[in-house]
Amino acid sequence: MRYGIISDIHGNLEALGAVLEEIQKHKIDQLICLGDIVGYGANPNECIELVRQNCQVVLAGNHDYAALKKVDTSNFNNYAQDAIGWTIGNLKPESNAFLETLKVFHKVDQVYFVHSTPMDPTEWNYILSTFDAYQSFQEFQEQICFIGHSHVPIIFMNRQRHRYDILEKKELHIDQKNRYIINVGSVGQPRDLDSRAAYGIFDDELRTFTLYRVEYDIEKTQAKMRAAGLPEFLIVRLQLGK
Ligand code: ZN
């Protein structure tokens, strides 16, 4: 089975469209979305509709929960709070209804999928350091855990407690002796100083994972955000990739 894995779209329709177009080339069997379809960007309804049509498994992220008022957003920064307020005011009832159906994790064979962490997925903690990863490895039984949430693609491998960045288009060979936590990065708001949309391809027969990046029309996304009155900080960061 070949999986496409996407995360953190954040209402960025141009980025999502570019990823969906390119991902067709990989002849995937299933597309899995790890959450945060909305928040920050100007097209939450359109992104929800595309995800609904194209993804076989869709998980909720903290911004999706915030849009449903299921989480306290007092720990969100001002820009994120403003954007969530805007999103709540602009979501259609059918979009809300779809977000309400989302689970927070998915397991298949030896693979665990979640937005934030396998430990208490709705606490929305981050796995940023080797110590975070070390703790998280105790909290799931499967060989591989795919995550999003930080918007930074990275792989943690438990055998050597090793952390390394995923190099674009460089295949990771999944060794049966190791366990992995793999962050697939962000479609709609990358924060690893690369402004291109990120997505991953996991092949459970070839035992490979590859991260891809795709250019999209950032200026078009930014123009829509400006027209919507979304915070300038969120608009500028897209071109900086941070
Ligand atoms: Zn996010």
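See the values below:
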{"item": "Scattering curve values for region 1-98, log₁₀ I(q)/I(0), Debye with Cα scatterers, q = 0.17 Å⁻¹", "result": "-0.70"}
{"item": "³J(HN,Hα), Karplus 6.51/-1.76/1.60, whole Hz, each residue of region 10-27, x for Gly, Pro", "result": "6, x, 9, 5, 5, 5, 5, x, 5, 5, 5, 5, 6, 5, 4, 4, 8, 6"}
{"item": "Pairwise FRET efficiency - ARG2 versus HIS106, Cβ, R0 = 22 Å, nearest 0.05", "result": "0.85"}
{"item": "Radius ratio Rg over Rh of region 44-121, counting only Cα atoms, Kirkwood formula for Rh", "result": "0.99"}
{"item": "Principal axis dimensions, region 141-242 - Cα atoms, whole angstrom, descending", "result": "51, 23, 20"}
{"item": "Range in the chain, longest, excluding exposed GluC sites (Glu not before Pro) [loop by DSSP; at most 16 other beta-carbon atoms within 10 Å]", "result": "1-138"}
{"item": "Top of GLY17, GLY229, GLY188 by mean-square fluctuation, Gaussian network on the chain, Cα under 10 Å", "result": "GLY229"}
{"item": "For ALA60, residues with placed amide H under 5 Å, excluding near neighbours", "result": "LYS103, VAL104"}
{"item": "Descending semi-axes in whole angstrom, ellipsoid equivalent of region 30-187, from the Cα gyration tensor", "result": "28, 16, 14"}
{"item": "MRE, 222 nm, helices only [DSSP H, n ≥ 4, -39500 (n - 2.57), over the chain, to nearest 500]", "result": "-9000 deg cm²/dmol"}
{"item": "Residue-normalised accessible area of the chain, expressed per residue, 1.4 Å probe, Å²", "result": "44"}
{"item": "Acute angle (nearest 10 degrees) that the helix 78-90 long axis makes with the longest principal axis of the chain, alpha-carbon atoms", "result": "70"}
{"item": "Candidate lysines for bridging to LYS220, where Cα separation is under 20 Å - those fewer than 8 sequence places away on the same chain excluded", "result": "LYS242"}
{"item": "Protein accessible area in region 44-162, 1.4 Å probe - carbon and sulfur %", "result": "44"}
{"item": "Beta bridges by DSSP in the chain, antiparallel share as percent, to the nearest 5", "result": "65"}
{"item": "Simple Cβ-charge dipole of the chain, Lys/Arg +1 and Asp/Glu -1, about Cα centre, in debye nearest 20", "result": "280"}
{"item": "Whole-Hz ³J(HN,Hα) from phi, Karplus 6.51 cos²θ - 1.76 cosθ + 1.60, for region 57-67, glycine and proline x", "result": "10, 10, 9, 8, x, 5, 6, 5, 5, 5, 5"}
{"item": "In order through region 103-114: 3J(HN,Hα) via Karplus (6.51 cos²θ - 1.76 cosθ + 1.60), integer Hz, x for Gly, Pro", "result": "8, 9, 8, 9, 10, 8, 6, 9, 10, 10, 10, 7"}
{"item": "log10 of Debye I(q)/I(0), alpha-carbon scatterers only, for region 89-139 at 0.17, 0.21, 0.27, 0.32 Å⁻¹", "result": "-0.65, -0.81, -1.04, -1.21"}
{"item": "Alpha carbon centroid spacing (whole Å) that separates region 70-90 from region 178-242", "result": "20"}
{"item": "Those lysines that a straight Cα-Cα span of less than 17 Å connects to LYS69, excepting residues fewer than 8 apart in one chain", "result": "LYS92, LYS103"}
{"item": "Cα-derived Rg over Rh, computed across region 17-58 with Rh taken as Kirkwood radius", "result": "0.97"}
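The values are calculated or read from the model by the stated rules, or taken from the named source; none is laboratory data. Because the structure is predicted, anything quoted here is derived from the model rather than measured. For neighbour counting, all protein chains shown are included, and Cβ atoms are generated from backbone atoms with ideal geometry for every residue, glycine included. Note: accessible area is taken over every heavy atom of the protein model, side chains too, but ligands, DNA and RNA are not part of it. Shrake-Rupley method; radii C 1.70, N 1.55, O 1.52, S 1.80 Å.
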